[in-house]
1. With respect to LEU103, determine if the residue is open to solvent by 50 Å² or more (accessible area, probe 1.4 Å), assigned to a helix (DSSP H, G or I), in contact with a Leu (Cβ under 7 Å, 6 or more places away or on another chain) and in contact (Cβ under 8 Å) with a residue 12 or more places away in the chain.
2. Look through region 112-136, keep the residues that are modelled with pLDDT under 90 and of a type in the set (Gly, Ala, Ser), and return whichever of them is farthest from ILE65 (Cα to Cα).
Amino acid sequence: MTTGAPTPSSAARPPRSRLRTFLPLGIAVWLVLEIWLLTLVAGASSGLTVFLLLLAGFVLGAVVIKRAGRRAFQNLSQAVQQGTAPASGGGSGSGLMMLGGLLLMIPGLISDALGLLLLIPPVQKALARYAERVVERKLGRVTPGTLGDAFQQARMHRPDGKVVQGEVIRDEPGSETPQGPRPPLTR
């Protein structure tokens, strides 16, 4: 029995991206590896050792996040006081330090190792350069009418790049008194 609603065809649905296909599988594999490694360490030493390792990772991650956040806030407040843009190196380095701290806080030894790896300055610089190249490459392939195009236009601070100088004069019915010139609008 049918309800009269058309059945969506598989051709109408857009294809799944590779990220949407493999991300759940990758997370499941990562979780299984974390649990396996924790049980392996617990079998070699004791459950107390595993607990202390997880607790130390959590505390160290919290300290790293707090420190990176404080550093980012100081950089931002200095830039505001000086009237300049924040330092370019501080933003990505602080973000990667916060990500490293978050990975340290997540229970597991693999995430702890990745978090510690992100705390090494040369690794931070290499990842920041790589991310910058990827973003620039993606912005270079922006087509009109896409979200990337909107982002590109928002970066210019003007939707179409044109500035039209003008003045708005309101004619309100019922008011007989003419209004004087208004000051120009400035940014």
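1. Numbers: open to solvent by 50 Å² or more (accessible area, probe 1.4 Å): no; assigned to a helix (DSSP H, G or I): yes; in contact with a Leu (Cβ under 7 Å, 6 or more places away or on another chain): yes; in contact (Cβ under 8 Å) with a residue 12 or more places away in the chain: yes.
For LEU103, the condition - open to solvent by 50 Å² or more (accessible area, probe 1.4 Å), assigned to a helix (DSSP H, G or I), in contact with a Leu (Cβ under 7 Å, 6 or more places away or on another chain) and in contact (Cβ under 8 Å) with a residue 12 or more places away in the chain - is not met.
2. ALA131
Okay, residues lined up against (1) under 27 Å from VAL134 (Cα atoms); (2) open to solvent by 80 Å² or more (accessible area, probe 1.4 Å); (3) without any contact (Cβ under 8 Å) to a residue 60 or more places away in the chain:
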site: ARG20; (1), (2), (3): yes, yes, yes
site: THR39; (1), (2), (3): no, yes, yes
site: ALA44; (1), (2), (3): no, yes, yes
site: LEU54; (1), (2), (3): no, no, yes
site: ILE65; (1), (2), (3): yes, no, yes
site: ARG70; (1), (2), (3): no, yes, yes
site: ALA79; (1), (2), (3): yes, no, yes
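Let's see how each residue does on (1) at pLDDT 90 or above; (2) in contact with a helix residue (DSSP H, G or I) (Cβ under 7 Å, 6 or more places away or on another chain); (3) in a helix (DSSP H, G or I):
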{"residue": "VAL29", "(1), (2), (3)": "yes, no, yes"}
{"residue": "TRP36", "(1), (2), (3)": "yes, no, yes"}
{"residue": "LEU40", "(1), (2), (3)": "yes, no, yes"}
{"residue": "LEU52", "(1), (2), (3)": "yes, no, yes"}
{"residue": "LEU55", "(1), (2), (3)": "yes, no, yes"}
{"residue": "GLY61", "(1), (2), (3)": "yes, yes, yes"}
{"residue": "SER77", "(1), (2), (3)": "no, no, yes"}
{"residue": "PRO86", "(1), (2), (3)": "no, yes, no"}
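The values are calculated or read from the model by the stated rules, or taken from the named source; none is laboratory data. Being a predicted model, the structure only gives us computed values, none of them experimental. Cβ: placed from backbone, ideal geometry, glycine included. Neighbour counts: every protein chain shown. The accessibility values were calculated without ligands, DNA or RNA, using every heavy atom of the protein model including side chains. Shrake-Rupley method; radii C 1.70, N 1.55, O 1.52, S 1.80 Å.
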